[in-house]
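Nothing in this text is a laboratory measurement; each read-out follows from the coordinates by a stated rule. Here the structure is a predicted model, which means the values were calculated and not measured. For neighbour counting, all protein chains shown are included, and Cβ atoms are generated from backbone atoms with ideal geometry for every residue, glycine included.
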Amino acid sequence: MAEHLLSICIPTNGVSRWVIPTLDNLYSLGAEESLFEVVVADNGGSDSDLAEPIKQFQCHCNFRYIPTQVRGFYNIIENFVLARGDFMIKLNHRCILHKGMIEYIYDQAEKYYETKPLMFFLNGNMGFQEVREYNNFNDFMFDFSYMSSLSEGLFFWKEDICRVPEIKFAPMSPNVSLMFDSRRKNLFVLDGNRICHDQNSKGKYGYALFETFAVFYMDLINEVRIDGSITNKTYLKIKNDIFHFLCDCYISMINDGAYENYTLDDMKDSLSIYYSERDYKYIYRKVKYYIHPLVVVKRWGAAMLFKIRSSVNKIRLLLIFN
């Protein structure tokens, strides 16, 4: 029997076509089930289609499926609260964990069990595949930057979750509020090793891109700047990194035609809070420069086709009435 228990937390809005493959994967890895529990928190309500297909996993004594009443991203926090483990990691409900990674996460937790740092499993998203340690929150955030807005790979200790009732959570980023509550710790860890990949991410998000990052997330960064947890240098670096991240997202959406992933009608107003009119215009200049030629051709072709069809229809009407 393992000395400690790892909770794998999977908050979901109840979409079985993503959750079931994720769970199939977890239980196909062959990890000793006494090492971990799997806790699925479903806030999908009447829209959830998980109730029946999820039953196939209830034969595992380390599995729990819990419908919840909380809304939106608060389900992440609720999932942590429901966990029984000594330490816990949040995985996306589309996550496909790689072979041996349950044991790896468990071993990392045991390694740091005495010091209990603020930890994050980056899954290779920052370009390095090693473990980096920091002695203060400022240096940690200087490297982590806007990637700290992510929730997949977020790792907590049971004692961190005990403080949840005292925390004021940001509606769009409660995971960041919870993470920033640990900024007084003496050790911070970024694990850059790749532990998983996601299923198809098409249609994954659906929120207001610019408002979420350029306003709500920047509000949180500004708060830790004001209280002295990060320096002005770190604040400006994160602010600049967020801006270029938003530029890249916007260009990718146009080139890929993936408009369903985010809403964009908030862009100008959102950039007016922490950025400027000049920044807003810069994005449009950058889009014009980097937009894929095929996208331009497709749009020109669609416009020309519309004009041709309109002309043909006008000719048909003239022929009919003459």
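How large is the translational diffusion coefficient of region 10-59 in µm² per second when you combine the Kirkwood radius over alpha carbon pairs with Stokes-Einstein at 4 °C and 1.567 mPa s? The calculation lands on 112 µm²/s.
Translational diffusion of region 135-179 was estimated from the Stokes-Einstein equation, with Rh taken as the Kirkwood radius over Cα pairs; at 25 °C and 0.890 mPa s the coefficient is 210 µm²/s. Projecting the Cα positions of M141, P117, L6 onto the charge dipole of region 6-198 (unit charges on Cβ atoms of Lys, Arg, Asp and Glu, taken about the Cα centre) puts M141 furthest along the positive direction.
Sparsely packed loop sites in region 1-71 (the GluC sites (Glu not before Pro) outside DSSP H, G, I, E and B with at most 16 other Cβ atoms within 10 Å) comprise E3, E32, E33. Between N240 and K55, the modelled labels are 5.8 nm apart [label points 7 Å from Cα along Cα→Cβ]. Full extension of the chain between N135 and R71 gives 19.5 nm of extra length, using 0.36 nm per residue less the Cα-Cα distance.
When only the Cβ of Lys, Arg, Asp and Glu is charged (+1, +1, -1, -1), the dipole of region 3-85 relative to its Cα centre reaches about 160 debye. With R₀ fixed at 22 Å, the C-beta to C-beta distance from E223 to D198 puts the FRET efficiency at about 0.15. Farthest toward the positive end of the dipole of region 169-238, out of Y217, I230, L190, is the Cα of L190, where the dipole comes from beta carbon charges about the Cα centre. Taking one quarter of the surface of the convex hull spanned by the alpha-carbon atoms of region 136-287 gives a direction-averaged projected area of 10.1 nm². Please work out the Kirkwood hydrodynamic radius for region 17-125, using every pair of different C-alpha atoms, and report it in angstroms with one decimal place. In region 17-125 this quantity evaluates to 15.1 Å. For the pair region 213-284 / region 163-181, the C-alpha centres are spaced 20 Å from each other. Label zone of T263 (point 7 Å out along Cα→Cβ, amide N under 12 Å): in region 211-232 this covers 211-212. Residue-normalised convex hull volume from the C-alpha trace of region 6-198: 110 Å³ per residue.
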